[in-house]
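S.K.: One structure follows; several queries about it will come next.
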Amino acid sequence: MQQPTKVPHYTKYHPRWFRPRVSVYWWLGQWQYLRFILRELSSVFVALTVIMTLLELRAVVQGPVAYARFQHQLAKPGVILISLISLFFVLFHTITWFNLTPRAMAVKVAGKRIPEWLVAAPNYLIWIVVSGAISLLILRG
Amino acid sequence: MGESIVLEIARYSPERDAEPHLETYEVPLRKEWVVLDALNHIKDKIDGSLTYRWSCRMGICGSCGVMVNGEPKLGCATFLSSYAGRKRVRVEPLRYFPIVRDLVTELGDFLAKLKKVKPWLIRTDGPLLREGEYLQTPEQLDDYRQLSMCINCTLCYSACPVVGLDALFVGPAAIALAQRYNKDSRDRGAKERTLILAHPDGIWGCTFVGECTRVCPQHVDPAGAIQQYKVGSALAWFEGLIMPKKRRKTEDRHGAAAD
Ligand code: SF4
Ligand code: FES
């Protein structure tokens, strides 16, 4: 027989509901929630990448000396490490959001909803084409 | 006795306990048994005071939802054999709901939220009922059919951290249900529902964790319904900016974010 743990006080004739508290670490226990938090966190690295790109563009505009100085900064171990982490998160951000597109858009053709992969595929296609075009521009330049 | 499996079940008696605790029970591991069979076995043979909800035993009534090893599941659709390799299977009440007793949760807040989104056909313009039924094509039915499969099991609420963190959030099933009516060609209530849905406690409270869709036993895809509503709302707002007249017409017909 279970003994009373503490004397509970509750309103007579009304069930005393137990209201569990949500831990601040709710996202740590299961991979799917951790993945969600990582996806949210990835936005910080996306912003960082955008800032780095803008700084790089500014260095290009300022001339060869400024660009060489910027490249020198980029070659420092700490910056390389941050760049690698940023690359991981930017890829994670891009792929997870591309894969979620079919959820947000129910695209119909001739009254029928098209398969999910067909909604996600153009994102990848545009990504590859744009990346290829930019790479060509940089490598040729 | 053949093979058996140990269930750790959360028990809470409002008269005796200050908080829930786990009790263990050994039950036969039968191939055809689901978690609900194990609970019934415990209630019949071991401890008659165990309290839980169930009714149909076939995934229709939506009343037997519990957390099984931390995942929201229907007790009647979760085979014990899928946990055969585990030492213990933990069965707890659905997360984020107040607990009435043992595995029984309090659904008053959920039901109030369902009602809030006006889940019925709203139609004030004609034709009158005596003039015949509203006709619908198979394509129009397909627009909302999947959303109408919800059995109100609340598994999606237990999978959604926003529900746990924000008590005012309308929640996945209620928003999906609102969309079920918004997408129904016979309905004209989308504009009324917009007041509740296009709100920080409605669709904009959703951070798209996506777990509601994964755990839904009926494949309703509440996460999809919410994101589609967001896209619809954003497009309607944008359309209003560039074509104010057209927007007014669309709203009058379907509401700001009918689709
Ligand atoms: S949407 Fe799915 S998980 Fe949520 S209450 Fe309805 S049937 Fe259950
Ligand atoms: S008992 Fe009805 S859904 Fe499980």
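The values are calculated or read from the model by the stated rules, or taken from the named source; none is laboratory data. Quantities reported herein were computed from a predicted structural model and do not represent experimental measurements. Cβ: placed from backbone, ideal geometry, glycine included. Neighbour counts: every protein chain shown. The area values use the complete protein model at the heavy-atom level, side chains included, leaving out ligands, DNA and RNA. Shrake-Rupley method; radii C 1.70, N 1.55, O 1.52, S 1.80 Å.
S.K.: Give just the number: which of (1) under 26 Å from B:G224 (Cα atoms); (2) out of contact with any Asp or Glu (no Cβ under 8 Å at 6 or more places or on another chain); (3) open to solvent by less than 90 Å² (accessible area, probe 1.4 Å) does A:S135 not satisfy?
M.R.: Failing condition for A:S135: (1).
S.K.: Follow-up question, since we're still on this one. May I ask you to list the residues in segment B:212-242 that are more than 16 Å from ligand 1 (Cβ to nearest atom) and either outside the structural domain of B:Y157 (by TED's automatic domain parsing) or under 16 Å from B:C160 (Cβ atoms) (or both)?
M.R.: Selection gives B:K230 alone.
S.K.: Can you tell which of B:E23, B:E19 is within 14 Å of chain A (Cβ to nearest Cβ), surrounded by 14 or more Cβ atoms within 10 Å (Cβ to Cβ) and either in contact with a strand residue (DSSP E or B) (Cβ under 9 Å, 6 or more places away or on another chain) or more than 15 Å from B:V91 (Cβ to Cβ) (or both)?
M.R.: Matching residue, one of B:E23, B:E19: B:E23.
S.K.: Moving on. Has segment B:26-34 got at least one residue that is within 24 Å of the chain's Cα centre (by Cα), open to solvent by 10 Å² or more (accessible area, probe 1.4 Å) and modelled with pLDDT of 95 or more?
M.R.: Of all residues in segment B:26-34, those within 24 Å of the chain's Cα centre (by Cα) come to B:34.
Next, only the ones that are open to solvent by 10 Å² or more (accessible area, probe 1.4 Å) stay: B:34.
Adding the requirement that they be modelled with pLDDT of 95 or more leaves B:34.
Yes, there is a match, as at least one residue in segment B:26-34 is within 24 Å of the chain's Cα centre (by Cα), open to solvent by 10 Å² or more (accessible area, probe 1.4 Å) and modelled with pLDDT of 95 or more.
S.K.: How many residues are within 14 Å of chain A (Cβ to nearest Cβ), buried (at least 24 other Cβ atoms within 10 Å of the Cβ) and not in a loop (DSSP other than H, G, I, E, B) if we restrict to segment B:156-206?
M.R.: Summing the residues that are within 14 Å of chain A (Cβ to nearest Cβ), buried (at least 24 other Cβ atoms within 10 Å of the Cβ) and not in a loop (DSSP other than H, G, I, E, B) in segment B:156-206 gives 11.
S.K.: Another question, if that's okay. Kindly indicate whether any position in segment A:63-86 is open to solvent by less than 100 Å² (accessible area, probe 1.4 Å), assigned to a helix (DSSP H, G or I) and in contact (Cβ under 8 Å) with a residue 40 or more places away in the chain. Full working, then the answer.
M.R.: Going residue by residue through segment A:63-86, those that are open to solvent by less than 100 Å² (accessible area, probe 1.4 Å) are A:63, A:66-68, A:70-71, A:73-76, A:78-80, A:82-83, A:85-86.
Now drop any that are not assigned to a helix (DSSP H, G or I), which leaves A:66-68, A:70-71, A:73-74, A:78-80, A:82-83, A:85-86.
From what is left, the residues that are in contact (Cβ under 8 Å) with a residue 40 or more places away in the chain are A:85-86.
Checked segment A:63-86: at least one residue is open to solvent by less than 100 Å² (accessible area, probe 1.4 Å), assigned to a helix (DSSP H, G or I) and in contact (Cβ under 8 Å) with a residue 40 or more places away in the chain.
S.K.: Now a separate question. Write out, first by first residue and then by second, each pair whose Cβ atoms fall under 8 Å of each other, whose residues are 6+ apart or on separate chains, and whose first residue, in segment B:228-240, is free of Cβ contacts under 8 Å to residues at least 24 places away in the same chain while the second is among the small types (G, A, S) and in a helix (DSSP H, G or I).
M.R.: As it stands, the answer is B:V231/A:A104, since those pairs meet every condition given.
S.K.: Does B:D37 qualify as being open to solvent by 30 Å² or more (accessible area, probe 1.4 Å), within 15 Å of ligand 2 (Cβ to nearest atom), in a helix (DSSP H, G or I) and within 21 Å of B:R101 (Cα to Cα)? Working first, answer last.
M.R.: Details: open to solvent by 30 Å² or more (accessible area, probe 1.4 Å): yes; within 15 Å of ligand 2 (Cβ to nearest atom): yes; in a helix (DSSP H, G or I): yes; within 21 Å of B:R101 (Cα to Cα): yes.
So B:D37 passes the test.
S.K.: Among the candidates B:A18, B:A10, single out the residue that is away from ligand 1 (no atom under 16 Å from the Cβ) and at pLDDT below 95.
M.R.: Answer to the selection: B:A18.
S.K.: Starting from residues that are more than 16 Å from ligand 1 (Cβ to nearest atom) and polar (S, T, N, Q), keep the ones in segment B:131-153 and report whichever is surrounded by the fewest Cβ atoms within 10 Å (Cβ to Cβ).
M.R.: Among those residues, the one meeting the criterion is B:T137.
S.K.: Scan (1) away from chain A (no Cβ under 11 Å); (2) modelled with pLDDT of 95 or more for the single condition B:A84 breaks and write down its number.
M.R.: (2)
S.K.: Just to be sure before I move on: is B:S55 among the polar types (S, T, N, Q) and touching a Cys at 6+ places or on another chain (Cβ under 7 Å) in the structure I sent?
M.R.: Yes.
S.K.: Still on this model: Sort out which residues of segment A:101-113 are part of a loop (DSSP other than H, G, I, E, B) and more than 14 Å from B:E139 (Cβ to Cβ), and write them in order of number. Can you show your working first?
M.R.: So in segment A:101-113, the residues part of a loop (DSSP other than H, G, I, E, B) come out as A:105-107, A:110-111.
Matches in segment A:101-113: A:M105, A:V107.
S.K.: Now, a different point. Within segment B:208-217, is there a residue that is open to solvent by less than 40 Å² (accessible area, probe 1.4 Å), basic (K, R) and not in a loop (DSSP other than H, G, I, E, B)?
M.R.: The answer is no; no qualifying residue exists.
S.K.: If the requirement is being polar (S, T, N, Q), in contact (Cβ under 8 Å) with a residue 24 or more places away in the chain, open to solvent by 50 Å² or more (accessible area, probe 1.4 Å) and within 14 Å of another protein chain (Cβ to nearest Cβ), which of these qualifies: A:S23, A:S43?
M.R.: Of the residues listed, the single one that is polar (S, T, N, Q), in contact (Cβ under 8 Å) with a residue 24 or more places away in the chain, open to solvent by 50 Å² or more (accessible area, probe 1.4 Å) and within 14 Å of another protein chain (Cβ to nearest Cβ) is A:S43.
S.K.: While we're looking at this one, here's another question. Does segment B:59-71 contain at least one residue that is surrounded by fewer than 18 Cβ atoms within 10 Å (Cβ to Cβ), of a type in the set (A, V, I, L, M, F, W, C) and within 16 Å of ligand 1 (Cβ to nearest atom)?
M.R.: Yes; the residues of segment B:59-71 include at least one that is surrounded by fewer than 18 Cβ atoms within 10 Å (Cβ to Cβ), of a type in the set (A, V, I, L, M, F, W, C) and within 16 Å of ligand 1 (Cβ to nearest atom).
Yes/no matrix, rows are residues, columns are (1) open to solvent by 50 Å² or more (accessible area, probe 1.4 Å); (2) without any contact (Cβ under 8 Å) to a residue 12 or more places away in the chain; (3) not polar (S, T, N, Q):
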| residue | (1), (2), (3) |
| --- | --- |
| A:L48 | yes, no, yes |
| A:T53 | yes, yes, no |
| A:P102 | no, no, yes |
| A:K108 | yes, yes, yes |
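S.K.: Separate question: If you check every pair at least six apart or on different chains, which have Cβ atoms under 6 Å apart with a residue in segment B:1-18 that is of a type in the set (V, I, T) first and a residue that is open to solvent by 40 Å² or more (accessible area, probe 1.4 Å) second?
M.R.: Matching pairs, first to second residue: B:V6/B:T24; B:V6/B:E26; B:V6/B:R88; B:I9/B:E23.
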